[in-house]
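Enquirer: Pasting a structure here, questions to come.
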Amino acid sequence: MTAASWKLAPATRADAGDLMRLIEALAAYEKLSHLVVATESDLTEALFGPRPAAEALIVREGNENGRAIAFALYFTNFSTFLGRRGLWLEDLFVEPAHRGRGIGRALLEALAATARTRGYGRFEWSVLDWNASAIGFYERMGATILPDWKIARVTGPALDRFGADAPSNAD
């Protein structure tokens, strides 16, 4: 498959079902399917509703009507150190049968171009520590893997309880 045999474009509302399928495939690849609770409706609202929380790129075989084979979902963050916005890549996935054909590179290059065009100060993402092939790929493209950072997360019932028992400073 050459670059001419696939098409990269911004995702639209009509792509929500395909994006959901690819997200589920990513979760299966990472052995995290049990964590996927999002629905196509959730994704449609989050990406294409009145206050979009994120954007996505989608890659299709052949042309804009072909089968969806890859995606990247991203959003804006902010660096207090730089005093500028940044682009955070939440997920990038290329179906295994289509890897090694430049699609992942094209998605990353498109996102880097978006960050530059918008005047952002950085382009960041996380990678699972066991995914040596992805780490090597990112490093070959020029990314630095930050060894000293860990992700902190609070979700579900823990989020509901987080800080709820803390004494109030309103007194």
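Enquirer: Checking residue 127 against (1) open to solvent by less than 100 Å² (accessible area, probe 1.4 Å); (2) farther than 25 Å from residue 38 by Cα: exactly one of these is not met. Which one?
Expert: Condition not satisfied by residue 127: (2).
Enquirer: Follow-up. Filter region 140-155 down to residues that are exposed (fewer than 10 other Cβ atoms within 10 Å of the Cβ) and modelled with pLDDT of 85 or more and give me whichever is farthest from residue 122 (Cα to Cα).
Expert: As a first pass, look at region 140-155 and keep what is exposed (fewer than 10 other Cβ atoms within 10 Å of the Cβ): 140, 142, 144, 146-153, 155.
In the following step, the residues that additionally are modelled with pLDDT of 85 or more were identified as 140, 142, 144, 146-149, 152.
Numbers: 140: 18, 142: 13, 144: 12, 146: 14, 147: 18, 148: 18, 149: 16, 152: 20 Å.
Ranking the qualifying residues of region 140-155, first place goes to 152.
Enquirer: Could you list, in sequence order, all residues of region 19-68 that are in a helix (DSSP H, G or I), open to solvent by less than 70 Å² (accessible area, probe 1.4 Å) and of a type outside the set (Val, Ile, Thr)? If you could, list the steps in order and put the result at the bottom.
Expert: Narrowing region 19-68 to residues in a helix (DSSP H, G or I): 19-29, 33-35, 40-48.
Subsequent filtering for residues that are open to solvent by less than 70 Å² (accessible area, probe 1.4 Å) retains 19-20, 22-23, 25-28, 33, 43-44, 46-48.
Matches in region 19-68: 19, 20, 22, 25, 26, 27, 28, 33, 43, 46, 47, 48.
Enquirer: Only residues that are under 29 Å from residue 130 (Cα atoms) and modelled with pLDDT under 95: list them for region 4-31, please.
Expert: Selection gives 29, 30, 31.
Enquirer: Within region 75-103, restricting attention to residues that are within 17 Å of residue 143 (Cβ to Cβ) and free of Cβ contacts under 8 Å to residues at least 40 places away in the same chain, which residue is most open to solvent (accessible area, probe 1.4 Å)?
Expert: 90
Enquirer: Sticking with this structure for a sec: Within region 21-64, restricting attention to residues that are closer than 19 Å to residue 88 by Cα and without any contact (Cβ under 8 Å) to a residue 24 or more places away in the chain, which residue is farthest from the chain's Cα centre (by Cα)?
Expert: Looking at the filtered set, the residue picked out is 51.
Enquirer: Considering region 107-124 alone, what residues qualify as being of a type outside the set (Phe, Trp, Tyr) and open to solvent by 20 Å² or more (accessible area, probe 1.4 Å)? Reasoning before the result, please.
Expert: If we filter region 107-124 for residues that are of a type outside the set (Phe, Trp, Tyr), which is where we start, we get 107-119, 121-122, 124.
Scanning region 107-124 gives 109, 110, 112, 113, 114, 116, 117, 118, 119, 121, 122, 124.
The values are calculated or read from the model by the stated rules, or taken from the named source; none is laboratory data. Values in this document were obtained by computation on a predicted structure and should not be read as measured data. Glycine also receives a Cβ, built like all others from the backbone with ideal geometry; neighbour counts cover every protein chain displayed. Protein only, heavy atoms only, side chains kept; ligands, DNA and RNA dropped before computing areas. Shrake-Rupley method; radii C 1.70, N 1.55, O 1.52, S 1.80 Å.
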